[in-house]
Amino acid sequence: MASYLGFHEFRKAWAQLLGFNLEDMQGFGGTQPWTTEPLQCFFDHSDCDGEISWQDAEQILAEARKDATKLPKYDWAFSVLIRACEAAVDEKLPISFA
């Protein structure tokens, strides 16, 4: 992603599409605990360190492919995310954030 702010805005928009407000969640200034929200492995992940397993990337990939056309403003972000997830799944390697 182009910047931390851009990545955050992308995650906020995608979370909204999936039916929850990211800023209401613990870790994003809110008090709502993570319970049933989809793709917690992506939304509650640090934007600057750590890894996402290839198994989690497989879940993210399926949802990203389904939702990418619904948020055309974030086409580039979805494209980068989909390519990273495809590579992780194909190689059975994690996605590293640094």
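Every number here is computed from the coordinates shown, using simple stated rules; none is lab data. Fair warning: this is a prediction, and the values are worked out from it, not measured in the lab. Because the Cβ atoms are built from the backbone with ideal geometry, glycine has one as well, and the counts that use them run over all protein chains shown.
Listed from fewest to most Cβ neighbours within 10 Å, the set Asp90, Asp67 follows the order Asp90, Asp67.
The ratio of the alpha-carbon radius of gyration of the chain to the globular-protein estimate 2.2 N^0.38 Å is 1.01.
The alpha-carbon of Lys92 sits under 12 angstrom from the alpha-carbons of these aspartates and glutamates, leaving out residues fewer than 8 places away in its chain: Asp56, Glu58. Adding -39500 (n - 2.57) for every DSSP H run of four residues or longer, then dividing by how many residues the chain holds, sets the calculated 222 nm ellipticity at -16000 deg cm²/dmol.
About the centre of its Cα atoms, region 1-76 shows a dipole size close to 320 debye [charges on the beta carbon of Lys, Arg (+1) and Asp, Glu (-1) only; nearest 20 debye].
For Lys12, the aspartates and glutamates whose Cα falls under 17 Å of its own Cα, not counting residues fewer than eight places away in the same chain, are Glu23, Asp24, Glu37, Asp44, Asp47, Glu63, Asp67, Asp75. Listing Val89, Val80 from fewest to most neighbouring C-beta atoms within 10 Å gives Val80, Val89. Overall, region 46-98 carries a charge dipole of about 280 debye about its Cα centre when +1 sits on the Cβ of Lys and Arg and -1 on the Cβ of Asp and Glu, all other atoms neutral.
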